[in-house]
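The values are calculated or read from the model by the stated rules, or taken from the named source; none is laboratory data. Since the model is a prediction, treat every value here as computed from it, not as a measurement. Neighbour counts are summed over all protein chains in view; Cβ atoms, including those assigned to glycine, are modelled from backbone coordinates with ideal geometry. The accessibility values were calculated without ligands, DNA or RNA, using every heavy atom of the protein model including side chains. Shrake-Rupley method; radii C 1.70, N 1.55, O 1.52, S 1.80 Å.
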Amino acid sequence: MSFTLRTTTAAIRQATRVLPRRSFTTTQCAASSHGLLRLKEYYDSTLSEDLMTMTYDHARAAPSIYKYPDIQVQIDRALAAEEQETKEPIAQQQQQTVAPEAVRTRKGGKPVKPIQPPKTASTIPSLDKITLHAMVKDAIHSKHNLLSAFMAFQSITSTRPEIVYARTSVANWKLREGMPIGVKVTLRGEEMYQFMDKLVEIVLPRLKEWPGLQLTAGDGNGNIALGFPASALALFPEIEGSFDVYPKMTGFDVIFNTTAYTNTDGRLLLSGFSVPFKTKN
């Protein structure tokens, strides 16, 4: 009996004994996405550097003229001071006759394009958001026809869609202002890259008779839109496995909003994400 008590007491002391603290510390391991954000990791590690190299404009970067930069700075300051002295009399004359301020405009009342800044690490083109948009014509007769498109968008994006309402009334189409006629989803962050991965790896390769994006695609500011038929919606894995749940398929548009300032930079970005482009025969 005494031997059993001694053994039990020793076991309790061994279990409650505080382990000595180690003399070194270990850092916490970085979280891994396990492939869910493969395109994001690819952009950060490879694509952003390639875009910086391909879109860099050497003509806008002033090279150093002199061997010693500090001497060049002094010369530039002296030239700027001399130029300022010559401009002061002219500025005084212009103040007497104030001219109206010049406003940048575009032909046809189009929005003014932003001035493209010099290429730096902070101005590399990147994906800002992806917008999915679908207009359901049968919703004019019954708003319940929107349910199929609503459920399909929620399945492929894991985001609750928004209902699009008519802004104006059209008598020929029997459309009244305020009627629900479409659905829309805006994706950013992780959901955006997950949808982009499914689109370029599963849906686009299985599209029939689709040559690719036009070489002139873009709205002038680096944003590119794609139109898909109703059959493309069934190619997503979330819908393909339960096709009977969605009674009516509808066509939809995918709009890629980028931070690029030109269409060329936007097309380079999508090409880096494996979006095919139509080649000239």
Next on the checklist: Let me spell it out: the conditions are (1) crowded, with 17+ Cβ neighbours inside 10 Å; (2) under 18 Å from the mean Cα position of the chain (by Cα); (3) more than 30 Å from THR168 (Cβ to Cβ); (4) not basic (Lys, Arg), and ILE239 meets all of them except one. Which number is the exception?
Outcome noted: (2)
Next on the checklist: Condition check: open to solvent by 20 Å² or more (accessible area, probe 1.4 Å), under 23 Å from MET135 (Cβ atoms) and at pLDDT 85 or above. Does ILE255 satisfy that?
Outcome noted: yes
Checklist entry - In the stretch 128-143, which residues are in a strand (DSSP E or B) and among the polar types (S, T, N, Q)? => result THR131
Checklist entry - Out of all the residues in the stretch 197-256, which are free of Cβ contacts under 8 Å to residues at least 40 places away in the same chain, farther than 22 Å from VAL183 by Cα and in contact with a strand residue (DSSP E or B) (Cβ under 6 Å, 6 or more places away or on another chain)? => result none
